[in-house]
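Have a look at the structure below, then the notes.
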Amino acid sequence: QARLVESGGGSVQAGGSLTLSCTASGFILGNKCLGWFRQAPGKEREGVAGFVIEGGATYYKKSVKGRFTISRDIAKNTLYLQMNDLKPEDTAMYYCATDNIYGGSCLIDNEYNTWGQGTQVTVSS
C-alpha cells in the first residue's frame with residue numbers, strides 16, 4: 001500500500017486549473033521538506049514546488065512561478081498543489097514526496113525517500 005495517496009489529476013484545456021492532493025497514511029508528513037515533482041514522457045523528473053516544513057517557505061520551478069501554489073493542511077495530513085493557468089507543457093505525471101532530511105529548496109528529487117504513486121495531468125491546447 002502506498003504511503004502517500006494522490007488525487008486530483010485529470011485532463012483540462014490550456015488556461016484551466018487543477019488542484020492535486022497528497023494525503024499521508026500511517027505517518028505524519030514531516031522532516032525538512034515536502035515537494036511536488038513531475039515527469040513527462042522522454043524527460044527527466046523535475047522539481048515543481050517545494051515546501052519547507054520549518055517556517056513554511058516555498059520554492060518553485062521558474063516556469064510555474066505565479067501559477068502553482070504548494071500548501072499543507074496539518075490537520076488533514078495533506079499536501080496540495082494548486083495549479084492555475086495550465087499550459088500544454090505542464091502535461092506530466094505528478095508526484096508528491098516527503099521524508100527529506102536535507103532541506104534547502106526542497107526541489108531535489110534524490111533527497112526524498114517517500115513518494116506517491118503519481119497522478120496524471122494532461123493539458124490540451
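General remarks:
- For residue 61, residues with placed amide H under 5 Å, excluding near neighbours: 49
- The stretch 1-96, relative contact order [Cα under 8 Å, separation at least 6], %: 34 percent
- Listed residues 29, 110, 59: farthest to the positive end of the dipole of the stretch 28-116 (Cβ charges): 59
- Where both bridge residues fall in the chain, DSSP classifies roughly 90% of the beta bridges as antiparallel.
- Shown here for the stretch 21-125: GluC sites (Glu not before Pro) in loop regions (DSSP other than H, G, I, E, B) with at most 12 other Cβ atoms within 10 Å, namely 44, 54.
- Of all aspartates and glutamates in the structure, not one lies under 14 Å Cα to Cα from residue 87 without also being fewer than 8 positions from it along the same chain.
- Whole-angstrom gap from the stretch 1-44 to the stretch 62-82, using each part's C-alpha centre: 9 Å
- Calculated FRET efficiency for the pair residue 76/residue 13, C-beta based, R₀ 41 Å, to 0.05: 0.90
- Here the 3J(HN,Hα) profile of the stretch 107-121, calculated from phi with Karplus coefficients 6.51, -1.76 and 1.60 at θ = phi - 60°, is 10, 9, 5, 6, 9, 9, 10, 10, 10, x, 8, x, 9, 7, 10 Hz, Gly and Pro shown as x.
- Each of residue 43 and residue 63 was given a label point 7 Å from its Cα along the Cα-to-Cβ line. The distance between the two points is 0.3 nm.
- Ligands, DNA and RNA are left out, and with a 1.4 angstrom probe the accessible area of the chain is 50 Å² per residue.
The values are calculated or read from the model by the stated rules, or taken from the named source; none is laboratory data. All of these numbers come straight from a predicted model, not from anything done at the bench. A quick note on method: Cβ atoms are made from the backbone with ideal geometry, for glycine too, and the neighbour counts reach across all protein chains shown. Ligands, DNA and RNA are stripped out before the accessible areas are found, and what is left, the full protein with its side chains, is counted by its heavy atoms. Shrake-Rupley method; radii C 1.70, N 1.55, O 1.52, S 1.80 Å.
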